[in-house]
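Worksheet for the structure shown next.
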Amino acid sequence: MNGGVGGAYGSGKAGSGTDPISLLLKPHVILRLLCWVFSIVVFGCIGSEGWLKDKCLYNNDTNACNFGTGIGVIAFLGSLGLLLTDIMFNNISSIKVRRRVVIADMAFSAGMSFMWFVTFCYLSDSWRKAPYPKDGYGVNNLRGAIAFSFFSIFVWAGCIFFAYQRYRQGADTAFMTSGFEGEAGMPGGAPYTSYPDGPEMNEGYQEPPFSSQKDMAPGGPGFQQQAY
């Protein structure tokens with residue numbers, strides 16, 4: 001299980017290198033890039049026009065602005081880290097390490113999908129209660145942060161789905177490589193042959209040859225007939 005990996009967990013063989021074009025066309029990488037972009041939009045919108053004279057425009061709730069910005073930064077760093085693991089994935093030779101990376105991907109994506117749901121609910125409720133900003137200052141950015149928080153829920157949920165698919169592929173590959181191939185092709189040894197019995201056992205047996213005609217003469221060995 002710790003040896004070289006031949007295409008386990010939805011990627012190429014260990015040490016096969018990474019083709020940038022084929023990497024960018026993978027569905028989970030596309031979703032990862034969307035997660036990264038959406039996180040920038042959220043914390044960028046709140047940071048640029050979510051505040052007015054140190055006052056959060058989400059109903060003057062400082063926690064709402066800080067929470068949305070914090071989740072956006074965490075999602076930004078997390079998606080960037082997962083993108084780096086996607087780039088380096090083919091260089092991971094241990095199937096156990098690949099498995100841990102995919103499980104971490106599933107866990108983090110699930111956590112971020114839930115946190116974006118909380119962020120969307122929090123910002124939406126705060127915006128619903130907030131007075132309309134004077135001269136409409138920051139309205140588009142405030143609404144944009146809410147909208148992209150909502151979109152992020154489903155994008156991260158898609159990452160969970162593809163991470164689970166990669167996990168299933170890796171589990172199937174590990175099972176196939178560790179299973180038996182049948183009696184005639186069992187790894188590590190030659191086919192078993194039964195011990196011969198019956199007439200075949202005696203085919204190599206031969207009666208001991210007579211030592212000589214002389215030894216069989218009356219009187220035993222060394223006997224000589226007297227001459228008359």
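For (1) under 25 Å from Trp51 (Cβ atoms); (2) assigned to a helix (DSSP H, G or I); (3) of a type in the set (Val, Ile, Thr), each residue gets a yes or a no:
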{"residue": "Gly81", "(1), (2), (3)": "no, yes, no"}
{"residue": "Thr85", "(1), (2), (3)": "no, yes, yes"}
{"residue": "Ser93", "(1), (2), (3)": "no, no, no"}
{"residue": "Val118", "(1), (2), (3)": "yes, yes, yes"}
{"residue": "Tyr122", "(1), (2), (3)": "yes, yes, no"}
{"residue": "Tyr132", "(1), (2), (3)": "yes, no, no"}
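Taking first residues from the range 152-177 that are more than 30 Å from Phe76 (Cβ to Cβ) and assigned to a helix (DSSP H, G or I) and partners that are at pLDDT below 95 and β-branched (Val, Ile, Thr), the Cβ contacts under 9 Å between residues at least 6 apart in sequence or on separate chains come to Thr173/Val5; Thr173/Ile95; Ala174/Ile95; Thr177/Ile95. Report yes if Val102 is touching a Lys or Arg at 6+ places or on another chain (Cβ under 7 Å) and either farther than 26 Å from Phe150 by Cβ or basic (Lys, Arg) (or both), otherwise no. When the stated conditions are applied, Val102 passes them.
Tell me, please, whether a residue that is surrounded by fewer than 14 Cβ atoms within 10 Å (Cβ to Cβ) and among the charged types (D, E, K, R) can be found in the range 38-54.
Checking the range 38-54: at least one residue is surrounded by fewer than 14 Cβ atoms within 10 Å (Cβ to Cβ) and among the charged types (D, E, K, R).
In the set (1) surrounded by 14 or more Cβ atoms within 10 Å (Cβ to Cβ); (2) in contact (Cβ under 8 Å) with a residue 40 or more places away in the chain, Ser124 fails one condition alone, (2).
If you filter the range 82-111 down to residues that are among the small types (Gly, Ala, Ser), surrounded by 14 or more Cβ atoms within 10 Å (Cβ to Cβ) and modelled with pLDDT of 90 or more, you find that the one that is nearest to Arg166 (Cα to Cα) is Ala104.
Residues that are without any contact (Cβ under 8 Å) to a residue 40 or more places away in the chain and either buried (at least 16 other Cβ atoms within 10 Å of the Cβ) or under 24 Å from the mean Cα position of the chain (by Cα) (or both) within the range 112-121 comprise Phe114, Phe117, Phe120, listed in sequence order. Screening Lys134 on (1) modelled with pLDDT of 95 or more; (2) touching a Leu at 6+ places or on another chain (Cβ under 9 Å) shows it passes everything except condition (1). Across the range 57-71, the qualifying residues are those that are touching a residue at least 40 places away in the same chain (Cβ under 8 Å) and part of a helix (DSSP H, G or I), and the one among them that is nearest to the chain's Cα centre (by Cα) is Ile71.
This table checks each residue for (1) among the charged types (D, E, K, R); (2) surrounded by 13 or more Cβ atoms within 10 Å (Cβ to Cβ); (3) modelled with pLDDT of 95 or more.
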{"position": "Gly6", "(1), (2), (3)": "no, no, no"}
{"position": "Ala14", "(1), (2), (3)": "no, yes, no"}
{"position": "Leu34", "(1), (2), (3)": "no, yes, yes"}
{"position": "Phe67", "(1), (2), (3)": "no, yes, yes"}
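Per this entry, Asp61 is counted among residues that are touching a helix residue (DSSP H, G or I) at 6+ places or on another chain (Cβ under 6 Å) and either among the charged types (D, E, K, R) or over 16 Å from Ile160 (Cβ atoms) (or both).
Could you grab me the full set of residues in the range 97-156 that are closer than 23 Å to Cys56 by Cα and aliphatic (A, V, I, L, M)?
First, the residues of the range 97-156 that are closer than 23 Å to Cys56 by Cα: 115-152.
Answer for the range 97-156, where residues must be closer than 23 Å to Cys56 by Cα and aliphatic (A, V, I, L, M): Met115, Val118, Leu123, Ala130, Val139, Leu142, Ala145, Ile146, Ala147.
The values are calculated or read from the model by the stated rules, or taken from the named source; none is laboratory data. Being a predicted model, the structure only gives us computed values, none of them experimental. Reconstructed Cβ throughout: ideal geometry from the backbone, glycine too, with neighbour counts over all protein chains shown.
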